[in-house]
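Heads up, the thing below is written out as structure tokens.
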Amino acid sequence: GHVANWFRRRRVDLLEWPSQSPDFNPIEHMWEELKRRLKGVRASNANQKFAQLEAAWKSIPMTVVQTLLDSMPRRCQAVIDAKGYPTKY
């Protein structure tokens with residue numbers, strides 16, 4: 001595609017990046033956080049479940065989000081060090 005050609009013309013080395021790699025998808029960790037917060041919480045209908053999800057999402061401190069974002073350089077380095085194989089993340 002256009003982006004790949006742009007990188008190639010500029011001699012930028014690209015790494016394989018699996019689209020489902022949790023190493024590079026912090027949102028996957030946020031979903032896990034939501035699951036933990038809602039464990040055992042039942043809803044009687046979709047509207048109630050949505051309200052529970054929204055409340056749980058809003059209750060996650062920004063420090064959790066910031067810590068996750070701050071970990072991205074370490075995650076990238078871990079993937080490079082592991083040559084694309086799974087990491088601790």
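We did not get these values from a lab; they are worked out from the coordinates using the rules stated. A quick note: this is a predicted structure, and the numbers were derived from the prediction, not measured. As a convention, Cβ positions derive from the backbone with ideal geometry for all residues, glycine included, and neighbour counts pool all protein chains shown.
Computed quantities for the displayed model
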item	result
Radius, Kirkwood style, for segment 2-81 when every pair of distinct Cα atoms is counted (Å)	15.5 Å
The chain, relative contact order [Cα under 8 Å, separation at least 6], %	34 percent
Calculated FRET value between Glu28 and Arg8, using beta carbons and R₀ = 30 Å, to 0.05	0.50
Lysine pair count for the chain [Cα-Cα under 16 Å; pairs on different chains or 8 or more apart]	4
Ranked by how many other beta carbons lie within 10 Å on average, peptides 44-54, 24-34, 5-15 from highest	24-34, 44-54, 5-15
Other-chain or far-sequence residues with amide H under 5 Å of Ala43's (modelled H)	none
Computed label-point distance, nm, for sites Val65 and Leu15 using a 7 Å Cα→Cβ extension	2.6 nm
The chain, helix-only ellipticity at 222 nm - DSSP H runs n ≥ 4, -39,500 (n - 2.57), divided by all residues, nearest 500	-18500 deg cm²/dmol
Ranking of Val41, Val79 by count of other Cβ atoms within 10 Å, fewest first	Val41, Val79
